[in-house]
Amino acid sequence: MKTKHLSFFIFSSCIFFTACNTIEANDASEQTTTGSLYEDRVISFVVPFQAGGGTDVFARFMTPYFSEHISGSPRVQVENIPGGGSITGTNEYAQTRKPNGRNILTTSGSSHIPYILGQGSVQYDLSNMTPIIGSPSGGVVYTNPEKASQGVHELVETSGELFYAGMSPTGLDLITLLSFEVLNLDVKAVLGYEGKGPSRVAFEQGESNIDYQTTTAYNRNVVPLVEEGRAVPLYSLGQIDENGDLIRDPQFPDLPTIEELYIELHDEVPTGEAWEAYKQFVGAGFTLQKAVWVHDDAPEAHKQELHSSMISLIEDERFQAQSEEILENYQPFIGDDLQDRINAMLDVNESTVNWVRQFLLENYDVDVNRL
């Protein structure tokens, strides 16, 4: 019941705050007479997605804890700037918001992947931002009982019988499409669905027979299908550890990774550009699925205050208890651990990126330069 009440509060807040006008924190160098950087101040929290989506819910969940743990108890105000799959709002934050330490931004894997690919519409540079806190997520690929009964070896040999319903080849779907490529699964992808909810409905209606859902959506909507005998999990998308290796998702410890399946199929570890690309984008899309940033050229004192506040935030017992649903039981990253994850995400092999760009062009007729 507690999580239900929490969800109701967050979504109610979405409706309320969307109706409010928001203003950017523009006054660059003000400080109160008490010396607190944030006392009686407003932090504008830019969310480059529409209200009610997963990233918006994440941001609105975090805002009261930011206000509570940042010295001076500033008012933290969410501002939704949707468009372009998060690119519109992220561009605006990078280009027009003042780097005064009171304008912050949240991104998701949908923001990270286009940046790594060098998508033409991207005008933000994540390497010129300072991360404050980050959070992982996960995903599970599943199929119907008929296909699952054939076994992995037979699925690999199947031609023209696997259908996938997705959203965009340059969003989180890219990771699933790369997993199919690594495993050499012959999957016909029909893209352009408006969300993962509609794509799951397509699976339930028999329009597709292989799908993926993120952790919360899988647990909430697909596990009942598994229990009813209408779906069978194949593998989790996994997580990237501190050594850059793909490991089992801690939320799905009984599900293999595609590396394990590949070894089962070929008696050797996967290699090659598809495999390297898969690991790169799992790290950018799921291991660091959400991140909150401040401008890199914000005042150093403000950045230090934001960083130190995250230490007390993640130790807050109330935050830990209430974050189980929103953060999906994954542990957030802060400090050096977060920076290491950011560095790994941004340390991209140029040949791997070029291979992915060509992969998208040849298989999905997508030229990232024109997006």
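The values are calculated or read from the model by the stated rules, or taken from the named source; none is laboratory data. Bear in mind the structure is a predicted one, so any value in this text is a computation, not a measurement. When we count neighbours, we look across all protein chains shown, and the Cβ atoms used for this are built from the backbone with ideal geometry, even at glycine. SASA here: full protein model, heavy atoms, side chains in, ligands and nucleic acids out. Shrake-Rupley method; radii C 1.70, N 1.55, O 1.52, S 1.80 Å.
What shape does the stretch 306-371 take by its C-alpha gyration tensor, where a ≥ b ≥ c are the square roots of the eigenvalues and a/c under 1.5 counts as rounded, a/b above b/c as prolate, and the rest as oblate? The shape class here is prolate. Sorted on the mean count of surrounding Cβ atoms within 10 Å across their residues, most packed first, peptides 342-351, 248-257 read 248-257, 342-351. Look at the alpha carbon pairs under 8 Å that are at least 6 residues apart: their mean separation over the length of the stretch 113-191 gives a relative contact order of 31 percent. What is the antiparallel percent of DSSP beta bridges lying wholly in the chain, to the nearest 5? Of the beta bridges lying entirely in the chain, close to 60 percent run antiparallel. Overall form of the stretch 210-268: oblate. Here a/c, set by the Cα gyration tensor axes a ≥ b ≥ c, is 1.5 or more, and a/b is not larger than b/c.
Axis angle, to the nearest 10 degrees, between helix 173-183 and the longest C-alpha principal axis of the chain: 30 degrees. Counting only protein heavy atoms, what percent of the accessible surface of the stretch 206-262 is carbon or sulfur at a 1.4 Å probe? So the carbon and sulfur contribution to the accessible surface is 45 percent.
The distance between label points at N184 and E268 comes to 1.1 nm (points 7 Å beyond Cα on the Cα→Cβ vector). Between helix 317-326 and the chain there is an angle of about 40 degrees, using the helix long axis and the longest principal axis of the Cα atoms. Which net charge results for the neighbourhood of D267, defined as the other residues with beta-carbon distances under 15 angstrom from its beta-carbon, given Lys and Arg at +1 and Asp and Glu at -1? Once all neighbours under 15 Å are counted, the net charge is -4.
The mean sequence distance of close C-alpha pairs (under 8 Å, at least 6 residues apart), as a share of the length of the stretch 232-371, puts its relative contact order at 22 percent. The stretch 142-173 and the stretch 262-315 have Cα centres spaced 27 Å apart. Ligands, DNA and RNA are left out, and with a 1.4 angstrom probe the accessible area of the stretch 129-237 is 37 Å² per residue. For the stretch 34-169, the carbon plus sulfur part of the accessible surface works out to 47%, probe radius 1.4 Å. How much accessible area per residue does the stretch 258-353 have, counting only protein heavy atoms and a probe of 1.4 Å, in square angstrom? In whole numbers, the stretch 258-353 has 46 Å² accessible per residue. Taking a ≥ b ≥ c as the square roots of the eigenvalues of the Cα gyration tensor, the stretch 167-255 is oblate, since a/c reaches 1.5 or more and a/b is not larger than b/c.
Which percent of the Cα-Cα distances in the chain go past 29 Å? When all Cα pairs of the chain are counted, 41 percent exceed 29 Å. For the stretch 267-371, with all protein chains in place and a probe radius of 1.4 Å, 41% of the accessible heavy-atom surface sits on carbon or sulfur.
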